[in-house]
Amino acid sequence: MNDLLLVIDMQNVYLPDQPWACETAARTKENILKLLENHPKDQTIFTRYIAAEHPVGTWKTYNELNRKINENPWMNELMDGIKEAAESYPVYDKSTYSSFQVPTIRKAAQKADRVILTGVVSECCVLSTFFEGIDLGCKLIWLTDATSGLNPVLEEETLHILQGLSPLHVEFLSTEDYLSNR
């Protein structure tokens, strides 16, 4: 099957004790690394959120409020393990929540049978990518243990809201279930 694996924003700023920490980021990272071992390189894309040089609209305020994070190179780097793995894949910078704002990613998704969503933050960038993917007509797979929210309660609330869109727009799977059904 022609599945596009999309690894969204697995950056250091989301590690424990960092400003935008996601409590389950370590679990998410390990499951993404498992996926990378079993997924074709030409069907895998990584993204990073990098503040726009000339932001527009509310992004001006957002980027000003988060200036220290945006200007810290280490916080913007991909997490250890992910960073090394990503060296073999395309990595695209984006300056909005949705990964589909990157034209190359949008084109790749429209050619894929399904888009596999992984990464952080479930209730923000992954969610925004999810909704734009629906609008693009993509069939989506949300890997419940390869995505992280700020905390498990927010992750559950996000999934609860999205379950009404299943099975037409999205299928929810664990990493193990996805790998065993490929």
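Counting only residues that are crowded, with 19+ Cβ neighbours inside 10 Å and either within 20 Å of Asn31 (Cβ to Cβ) or of a type in the set (Gly, Ala, Ser) (or both), how many does region 131-140 have?
Residues in region 131-140 being crowded, with 19+ Cβ neighbours inside 10 Å and either within 20 Å of Asn31 (Cβ to Cβ) or of a type in the set (Gly, Ala, Ser) (or both): 2 in total.
Can Leu150 be described as touching a Cys at 6+ places or on another chain (Cβ under 9 Å), touching a residue at least 12 places away in the same chain (Cβ under 8 Å) and surrounded by 18 or more Cβ atoms within 10 Å (Cβ to Cβ)? Walk me through how you get there before you give the answer.
Details: touching a Cys at 6+ places or on another chain (Cβ under 9 Å): yes; touching a residue at least 12 places away in the same chain (Cβ under 8 Å): yes; surrounded by 18 or more Cβ atoms within 10 Å (Cβ to Cβ): yes.
It is true that Leu150 is touching a Cys at 6+ places or on another chain (Cβ under 9 Å), touching a residue at least 12 places away in the same chain (Cβ under 8 Å) and surrounded by 18 or more Cβ atoms within 10 Å (Cβ to Cβ).
Pro103 fails exactly one of the following numbered conditions: (1) touching an Asp or Glu at 6+ places or on another chain (Cβ under 8 Å); (2) surrounded by fewer than 15 Cβ atoms within 10 Å (Cβ to Cβ); (3) at pLDDT 95 or above; (4) of a type outside the set (Asp, Glu). What is the number of that condition?
Going through (1) touching an Asp or Glu at 6+ places or on another chain (Cβ under 8 Å); (2) surrounded by fewer than 15 Cβ atoms within 10 Å (Cβ to Cβ); (3) at pLDDT 95 or above; (4) of a type outside the set (Asp, Glu) one by one, Pro103 breaks only (1).
Anything in region 29-64 that is within 30 Å of Met1 (Cα to Cα) and of a type in the set (Phe, Trp, Tyr)? List them, or say none. Full working, then the answer.
Quick first cut of region 29-64, residues within 30 Å of Met1 (Cα to Cα) only: 29-49.
Across region 29-64, the qualifying residues are Phe46, Tyr49.
Could you list all residues from region 30-43 that are surrounded by fewer than 24 Cβ atoms within 10 Å (Cβ to Cβ) and closer than 20 Å to Ser99 by Cβ? Steps first, answer last, please.
Initial filter on region 30-43 (surrounded by fewer than 24 Cβ atoms within 10 Å (Cβ to Cβ)): 30-31, 33-43.
If the condition is that a residue be surrounded by fewer than 24 Cβ atoms within 10 Å (Cβ to Cβ) and closer than 20 Å to Ser99 by Cβ, then Asn31, Leu33, Leu35, Leu36, His39, Pro40, Lys41, Asp42, Gln43 are the ones that fit.
Checking the structure you have, find out if any residue of region 74-84 is touching a residue at least 40 places away in the same chain (Cβ under 8 Å), farther than 26 Å from Val56 by Cα, surrounded by 15 or more Cβ atoms within 10 Å (Cβ to Cβ) and out of contact with any Lys or Arg (no Cβ under 8 Å at 6 or more places or on another chain).
No, there is no match, as no residue in region 74-84 is touching a residue at least 40 places away in the same chain (Cβ under 8 Å), farther than 26 Å from Val56 by Cα, surrounded by 15 or more Cβ atoms within 10 Å (Cβ to Cβ) and out of contact with any Lys or Arg (no Cβ under 8 Å at 6 or more places or on another chain).
Can you work out which of the residues in region 1-48 that are out of contact with any Gly (no Cβ under 7 Å at 6 or more places or on another chain), of a type in the set (D, E, K, R) and outside any strand (DSSP E or B) is farthest from Ala109 (Cα to Cα)?
Within region 1-48, the match that is farthest from Ala109 (Cα to Cα) is Asp17.
The values are calculated or read from the model by the stated rules, or taken from the named source; none is laboratory data. Predicted model, so just to flag it, every value in this text is computed and none were measured. All Cβ positions, even for glycine, are placed from backbone atoms using ideal geometry, and neighbour counts span all protein chains on display.
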